[in-house]
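Novice: To start, I am sharing the structure in question, which I have written as structure tokens.
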Amino acid sequence: MKKHSSFSTGGKAEYYAEPGNAYDAINALEMAYAKGLSVTVIGAGTHLLVSDEGIPGLVLSACGMKGMSIKGDLLIASSGETLDNVINQAIDHNLIGLEEIAGIPGTIAGAVTVNASANSRSISDMFFYADYLTLNGEIHRRPFFYDFFSRGTFLTDCLILSVALRLTPSRASAEARERKEKYVEKMYIPPSRRFSGEIFRDSRTMKASEAIKLAGLTGKNGSRAEFSEYQPNSILTYPGCSSQEIYTLIQRGRKTIKEKLGIELDTSITILGSFRDEL
Ligand SMILES: Cc1cc2nc3c(=O)[nH]c(=O)nc-3n(C[C@H](O)[C@H](O)[C@H](O)COP(=O)(O)OP(=O)(O)OC[C@H]3O[C@@H](n4cnc5c(N)ncnc54)[C@H](O)[C@@H]3O)c2cc1C
């Protein structure tokens, strides 16, 4: 799974499939059902921590599902399209509204699942509906209801097949492109570094980044994973780092924040497979 996680850590998937369409995905699910395998759905792996022992069962990646269409102000993207591609297509077709979240890595379905946000804009602001496949092979459509996003994770135990976004028609596409590039630049990370997205969700009383800073958790700690001084709710890793080291840092972060500040933080990143509790 190293190739499918932006941490570049993690063991093997017992089975791995990258279906190109719903039909292939149903075939993969049937195989999993026949063999009694558990199923784990992933996108581009930019918000995952995969166990060094790997993932039992079938890992189903949406990355092979490509294609986009535009109907008026609706952009419909297959789940494996990258957010970057979706934003470019939108601007090419004089549809704006996504520029502020430019630079977030990963797929459009991953963005909807975690309600990707940046610069005071969230994918939920433009979300119209998603078509998804349940793990027992049924296809459904989920329209926009705000509380699906406020609950944390949009949908679980399904493979999102496509996402429809309602955007704003505009002739100012050159300005939109410039705006997009500005936000991409802001998110730039040198290829020599490995940074994660946000590790914890904000609590009701305090931003996770503030809690991490206040608890004195940022910077070097003797391991190959540390909370970034630059963006405290993000983990920076060094070559040779294992998933277990990252997991232990997350556990230590939660424990220290609970002890020092009395705040319980939930993880935002998806943790897959089994880990040792080393604290
Ligand atoms: C350097 C860096 C910077 C980042 N900055 C930001 C940021 O500014 N804002 C932000 O919000 N996030 C940020 N992230 C986190 C991440 O990029 C986003 O959450 C992204 O949208 C995840 O998409 P993905 O395709 O990689 O999903 P994955 O990491 O593969 O999966 C994430 C979750 O989505 C689910 N999922 C993925 N695809 C599907 C599907 N087709 N059907 C059903 N479930 C699915 C998975 O099961 C998992 O629970 C950053 C990450 C990195 C590495």
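Novice: What are the residues in the stretch 97-114 that are touching a strand residue (DSSP E or B) at 6+ places or on another chain (Cβ under 7 Å), more than 6 Å from the ligand (Cβ to nearest atom), open to solvent by less than 30 Å² (accessible area, probe 1.4 Å) and at negative phi, if any?
Specialist: Residues satisfying the conditions are Ile101, Ile108, Val112.
Novice: Quick check on my filter: what residues within the stretch 171-201 are in contact with a Ser or Thr (Cβ under 8 Å, 6 or more places away or on another chain) and farther than 30 Å from His93 by Cα?
Specialist: Answer for the stretch 171-201, where residues must be in contact with a Ser or Thr (Cβ under 8 Å, 6 or more places away or on another chain) and farther than 30 Å from His93 by Cα: Arg194, Phe195, Ser196, Glu198, Ile199, Phe200, Arg201.
Novice: What number of residues in the stretch 7-34 are buried (at least 17 other Cβ atoms within 10 Å of the Cβ) and part of a loop (DSSP other than H, G, I, E, B)?
Specialist: So the count comes out to 5.
Novice: Out of the residues in the stretch 184-221 that are part of a helix (DSSP H, G or I) and out of contact with any strand residue (DSSP E or B) (no Cβ under 6 Å at 6 or more places or on another chain), which is farthest from the ligand (Cβ to nearest atom)?
Specialist: That would be Leu214.
Novice: Follow-up. Looking only at the stretch 128-146, count how many residues are among the β-branched types (Val, Ile, Thr) and on the phi > 0 side of the Ramachandran plot.
Specialist: Number of matching residues: 0.
Novice: Among the residues of the stretch 115-160 satisfying the criterion of being of a type in the set (Gly, Ala, Ser) and modelled with pLDDT of 90 or more, which is farthest from the ligand (Cβ to nearest atom)?
Specialist: Gly137
Novice: Quick one: count up the residues across the stretch 186-201 that are without any contact (Cβ under 8 Å) to a residue 12 or more places away in the chain and either surrounded by fewer than 11 Cβ atoms within 10 Å (Cβ to Cβ) or in contact with a helix residue (DSSP H, G or I) (Cβ under 8 Å, 6 or more places away or on another chain) (or both).
Specialist: Of the residues in that region, 3 qualify.
Novice: Can you tell me which residue within the stretch 202-218, out of those that are over 24 Å from Gly45 (Cβ atoms) and hydroxyl-bearing (Ser, Thr, Tyr), is surrounded by the most Cβ atoms within 10 Å (Cβ to Cβ)?
Specialist: Thr218
Novice: Specify which of the listed residues (Gln231, Gln244) is in contact with a helix residue (DSSP H, G or I) (Cβ under 8 Å, 6 or more places away or on another chain) and either over 23 Å from Arg276 (Cβ atoms) or buried (at least 17 other Cβ atoms within 10 Å of the Cβ) (or both).
Specialist: Gln231
Novice: Residue check: is Ser117 under 16 Å from the mean Cα position of the chain (by Cα) and open to solvent by 30 Å² or more (accessible area, probe 1.4 Å)?
Specialist: yes
Novice: So which strands (runs of 3 or more DSSP E) stay within the stretch 45-94 end to end and still have 3 or more residues that are open to solvent by less than 10 Å² (accessible area, probe 1.4 Å)?
Specialist: Counting at least 3 such residues, we get 55-61.
The values are calculated or read from the model by the stated rules, or taken from the named source; none is laboratory data. Values in this document were obtained by computation on a predicted structure and should not be read as measured data. For neighbour counting, all protein chains shown are included, and Cβ atoms are generated from backbone atoms with ideal geometry for every residue, glycine included. Surface areas here come from the heavy atoms of the whole protein model, side chains and all, with no ligands, DNA or RNA. Shrake-Rupley method; radii C 1.70, N 1.55, O 1.52, S 1.80 Å.
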